[in-house]
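Inspection log for the structure reproduced underneath, given as structure tokens.
None of the figures in this text is laboratory data; all of them are computed from the coordinates on show. Given the structure is predicted, the values throughout are model-derived calculations rather than measurements. Cβ placement follows ideal geometry from the backbone for every residue including glycine, while neighbour counts extend to all protein chains displayed.
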Amino acid sequence: MHKEYHHWYSHRIERELGVVVYGHWGAPLVAFPTSGGDEWEPENQGMVPALAEFIEAGRVKLFAANAVDSSSFYNKGAHPFHRSYMQAQYDSYVRNELIPFIQNNCQAPGLPVSTMGASFGAYHAANTLFKHPDVVHRCFAMSGMYDLKRFMDGMYDDNFYFNNPVDYLANINGGGMIAQLSQCDIHIATGSGPWENSGPSYRLSEVLASRGIAHHLDDWGPMGGHDWPYWKHQMREYICKLF
């Protein structure tokens, strides 16, 4: 399998972030890591091998991204407003640095991308689509959480509001934004398997439905557990059917 590693210094984040690219061509799919992961996590946890046949066949081109969770919501030593600020900076990095890099790598300016992620990566996958449906047209958010108030120690600011999906989605009033989101292919995946908490996924689905935003709440039942074997199975099924 063709593999490339790219990295650059982001002035938004004030450090280098890396991206691993798998495949020569195919629909671009961004993989966000779990809270403790990095850009190598999908390969190390077996997600890349699980999707290898689709990558090598040119059905998808996988871009494994890094995140800044240890500097944002998981940085318990920082003030809550610094946590939300860092998440806002990361969102800006994804929109203004990562996605243009992907489009350039695919030699297709303006090409829409898909996102995927599990656990805290599901939050990034979903939040990126909800905020940027002009460039992200599909997401696979598996076993995620979408209300992050518990990370803010009771505090609240604009950076947090605009990166807390159950809040800003509930207040969308513009018909144009709702129509744009409804044209996207949104998959919120959960289930009743080991270690899974389906409550956050069902809550997000309720918020989306209340605004008339079309989406898929995919309850995988016993195959919806909170661990890599379940997420690999889900992504294989999604790519097999949708790409």
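Kindly count the pairs of lysines across the chain whose alpha carbons are less than 19 Å apart, treating pairs on different chains or eight or more residues apart as eligible.
Close lysine pairs found across the chain: 6.
Go ahead and estimate [θ] at 222 nm for the chain from helices alone: -39,500 (n - 2.57) per DSSP H run with n ≥ 4, summed, over the residue count, rounded to 500.
Calculated mean residue ellipticity at 222 nm is -10000 deg cm²/dmol.
What is the set of long-range amide H partners of residue 30 at a cut-off below 5 Å, with H atoms built 1.01 Å from backbone N?
Hits under the 5 Å cutoff: 63, 114, 115, 116.
When only C-alpha pairs under 8 Å and at least 6 residues apart count, what is the relative contact order of the range 3-242, in percent?
Relative contact order for the range 3-242 comes out at 17 percent.
If you restrict to DSSP beta bridges whose two residues both lie in the chain, what percentage is antiparallel, to the nearest 5?
Roughly 35 percent of the DSSP beta bridges within the chain come out antiparallel.
The range 157-243: D in µm²/s via Stokes-Einstein (Kirkwood Rh, Cα pairs, 4 °C, 1.567 mPa s)?
Calculated translational D: 91 µm²/s.
Starting from the eigenvalues of the Cα gyration tensor, five times each then square-rooted, give me the equivalent ellipsoid semi-axes of the range 22-108, largest first, whole Å.
Here the semi-axes work out to 28, 16, 6 Å.
Considering only 173, 231, 148, whose Cα is most displaced toward the positive end of the charge dipole of the range 96-243, charges sitting on Cβ of Lys, Arg (+1) and Asp, Glu (-1)?
Projecting each Cα onto the dipole axis, the largest value belongs to 231.
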